[in-house]
Each structure stands twice: as C-alpha cells, then as structure tokens.
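Below is one structure, written out as structure tokens; the observations come after it.
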Amino acid sequence: MRNDIRTLFTKISITAFLLFLIAAIGATYWQFTHEQDRLVLCKYGELSFVGTAYLQNLPADTLLMADQGKLTPEDLYPILQKRTRAFKLNYEIPQNIQLKIIRLKDTATEIIFDDRGSQYSAKAYDLWLQMKEANKTDRETWRFVKWGKAHLLSVIHPVKIKQTMTGLLVLSQEDLSAYLTPIQNIFYPFALGALGLFVLFEIFIFLFLRPLNRSLKYLNENMKRLREGKPLLKPEFSSKCLSDEIYLLGDLQTHSKEVEAIKKEREEEQKQIKEFLSIVTAAAEGDFTVKANVTADALGALSDSFNLMIDDLSVLVRDVKKAAMQVADSTENILTNIDEMAKGAVDQAAQTENITGLAREMNDLISDTNESAQKAAQSAQKARDVATEGSEIVRKAIEGMHNIRDSVRESMKQVRFLDENSTRIGEISDFISEISSRTNLLALNASIEAARAGEAGKGFSVVADEIRNLAERTTTSAEEISKLIEAIQKSVSLTLQNIEKGNQEVGKGTRLMDSAGDALREILEKVNISSDSATKISEATKDQTKFSRQITISLEEIAGIARETADHAQQSKEAAAQLEALSMELNKAVEKFKLSN
C-alpha cells in the first residue's frame, strides 16, 4: 500500500511540475507578446505623428508635378532631399526612421523618393494592400511585419493636394529590432532553462522508479506462477520496495493447497449435479420415464422429491391429453356449422347487394326521368309563355298593319289633293303670266305715249318703265313657279305610285299577319296541352322517385344487416378456427411427453 501511495505521489508530482512549467512558459510568452504589442502601438503613434508632420512640410506644387510625371527623378530628388533633411533637423527625427514617397502604378508601387539616397529611388516596390486601402479610403494605414532579421513598422499616409486625392503615398518606417531584442534575450534563456530543468527532473524520476520497476516485475512473475500452481521464485535482489507484497505471496501459496482440497470435493459434487441436471433436462424435454438416483445426502432428498413430481405430472398430462382430444372433436363440429352459416350469410349479403344495386340504378333512372320531366315541363311552360308573347306581338302587328293601311290610304288622299292643288296652282301661274304679258304690253304703249308727250310725259314714262320691269319680273317668277309646279307634279305622281304599291304590300302583309295570328293561336292551344301533360308527368315522377328512395333505403338496411351477419359469422369462424388450432397445439404439446405404463 505504501508503494502504491508512493507511485501515485510520484505521478502527481510529475504532472504538477509539468503543469507549473507550462504555465510559467505561457505566462512569460504572454508577457513578451504584451510588451511587444505595447511597444508597437507606442511606436505607431510616433510614426503617425512623423508622417503627418512630414506630409505638411512637403511642397504641394512639387508633389503635384511628381504625381503628373512632369519632374524626372533626377530633378525631384534634390528638392525632396533638402526638405527632408530640414524636417528631420527641425523635429529631431531619429536617423533610423525612414521616410519615403511612393506612387501607385498599375499593379505595383514605385518609390519616387527615399531619404536613404538616390540609389533607392525609381525602384519597383512590393505591392501592399495597406497602400491601396489608404489611397482608396483617404485614411492612414499601418503594418508590422518581420522582414529577415528586421522588424519593420510601416505607416502609410495618402497625399491629398487641394482637396484632391493623388496617387502618391508617404511611407514612414522604423526597425524595432533594437527594442525587441532585450525582451527576446530575457524570454529565450528562461524558456531554455525551464526545459533543462524539466529534463533533469525526468532523469531523477527515472532513477527513483527503477527499483520499483524491478520489484513490480518480480511480483507479476510470482503472481503468474501462483495462478499456475508452480512454486514461487525467491528474490535475487534486496529492496524495500514491495517487501510486504512479496511475503504476502508466500501466504497465498500456503492457502492455495487448502483450496485445492476443497476444489476436489466440489468437483465430485459437480459431477453428481451434472447427472441430476441431465435427468432434469430429459424431463423438461417431455421424457417422464426417467428416474433420479436417490442417495443419502442432501442431493438424494432432492432426487426423491423430483421423482414424486414426475409421477404427479404424468397423471396430469394424461388428463390434459384426453381433454384436448375432446375439445378438438367439438371444435371441428362447431367449425363445420359456423362455416355453413357464414357461407349462407355471405350469399345473402351478396344477393342483397345485387338487389340494392339494381334499386339504386332504378332510383337513378327514375331521378333522371324526373329531371327530364321537370325540364320538359319547364320547356313547355317557356314555350307557352313564348307563344303567348308571340300571339300578343302578332296581334299588335296586325293592328299596326291595319293602322299603316289606313295611314297609307289617307296619304293617298292627301297626295291626290296635293296633285289637284298643284294643277290649279299651275293654271293660276299661267293666268298670272298672261296678265304680266298684257301689263308689259300696256307699259310699252304708255312709254310710247309718254315719249310723244315730251316733257309733260316724262313722269308718266318713269312709271311706265317701273310697271314694265315689274311685269317682266312677274313673268319670270311665273315661269319659275310653273317649273316648280311641274317638278312637284312629277314627284307627286311618283309618290302616288309608290304609295299605291305600298298599299298593295300592306294588304298582303295584313293578310299574312292574320294567317300567322291564327297559326299562333293553334300553337298556343297545343302548347297549353303539352305543358299540362308535362306538369302531370313531373308530379308523377316525383312520387315515384320518393317511393324508389324509400325502397333503396330499406334494401340498404337489409344489406347492412346481412353484412353484419356475415361478419359475425366470419368472426365466429375465426374464433372456432383459433380454438381448433389451440386444441391441436395443446395436443401436440402433450404428445411430446413420454409416459410410463
């Protein structure tokens, strides 16, 4: 037990030391990383200030011409170099801080000025995403990377001239290796020392556990020999480790002999139990002819009880077998009767279903007939309504034709009267023409007489001229009236002819309308008869449909009862079949048993 505690303590010590070592290294690494981040942020603030101040001290016109490519690198470098040196002196900028002016060009960046010297200008520079981002967002960006042995911190400022973005960037860089080296000089020796300490601790643990491993090996070997019943080995070394366990193995070997004697007794009892179990197994399989061997020990009493139980079970199995045969015979008779009853119920249900189907078909036919009769009655009613309306329309048309005929006759009278008046107007017009001719002749004579009278007849001559002019106009008007009268007489003549033809057509139409009215009256009488007949047929089919539905419902109820009877008969048949199957299974189960005579 002491050795087990010692081993457990050793393992816990190793684990605790390892965890402490890992925690110490992790804490040191975290402190190193934290100091590095703090240094980078501090230097970033300085470089940001330097870059901003440097950008403000650069000449805007020079930068604009450099961006537009109007200045060559040879012309540009002296100007920027002078400004940069003055800026570093004024602001006391350390020499390890590099200042560059970069121009974005296609997919690369090009240095157009480097304060280290002209030999570094006009060289291609690697593409930085931070530079593109600064030029795109008009905000400064920064980046801290390890470049070979150097740790470069770079801050990029976009160049804006007159509120307009250019393709130029101001880059301020500083190598932080000089600041990070002391921190690394502290971390790496500590890590190496901790690793060496861990290795020494592992060597110490190995040397400490070596005797324990030898003792465990000896103990395992003796345990194996003890299980196999072989004599134990004596230890070939002197060690305090596991000494109690070694002496305990000797005691175990002594007790193993006693266990061997008890084992032989148990084997003999096991043999008797196996024989008894074989007899019990045969009885369990249905062989009741076997008998157990009765002895004087406790197992003999158990064998005697087993024999009595076998005798009782034999009597019980005989009775069960007899009852099973009787149940099987009775079940077979019941199954035969139920089968016949089920067949009859099924036939009855099938016939009832057929009758119900025919009744449904008859009901459908009657329903269709009823619908057709109702439609016919409705059609007849509509036909009667249409015929009535047609008769009324024809009656009104006949009256209208008669009115038209009377109007035509009256028009003929008026036209004839107009013809007569136009003739009289023509005669009057001729009379006026004759009067105007005579008046003209009289005026001419008066003019002649006035001319003869000289100065005394001048006034009368004027009047005679006016009368003559009036007579001429009257003659002209009379001629025009005569022409109009002739045109009117021609129109009246044509109108009179058309009216006479219309009167003849109206007479024919009146006779046709009278004939149509007589035909419609006959149709209306026939339609009334058809409508009354269709109505009576519809009422009769309604009653027939009602009775047919009642018959169908009754047949469906009978069919349902027949189906239920068939289902109950089938269920009874299934129950009887199950009972027969159970009786057969019981009989088979009883047949397994072998019974003595």
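Structure summary
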{"item": "Kirkwood-based shape ratio for the stretch 332-589, expressed as Rg/Rh from alpha carbons", "result": "1.77"}
{"item": "Angstrom value of the Kirkwood radius, inverse mean 1/r, which spans all Cα pairs in the stretch 455-588", "result": "27.7 Å"}
{"item": "Distance violations [Cα-Cα > 32 Å] among 413/508; 483/508; 82/132; 88/146; 100/162", "result": "483/508"}
{"item": "FRET efficiency estimate (nearest 0.05) - Cβ-Cβ, residue 333 to residue 304, R0 45 angstrom", "result": "0.45"}
{"item": "Pairs from 274/588; 375/542; 343/573 whose Cα-Cα separation, in the structure shown, is over 19 Å", "result": "274/588"}
{"item": "Label point distance in nm, residue 353-residue 407, each placed 7 Å from Cα along Cα→Cβ", "result": "7.8 nm"}
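A short reminder: the numbers here are calculations on the coordinates, not readings from a lab. These figures come from a predicted structure and were not determined experimentally. Methodologically, a virtual Cβ is constructed for each residue, glycine included, from the backbone with ideal geometry; neighbour enumeration extends over all protein chains shown.
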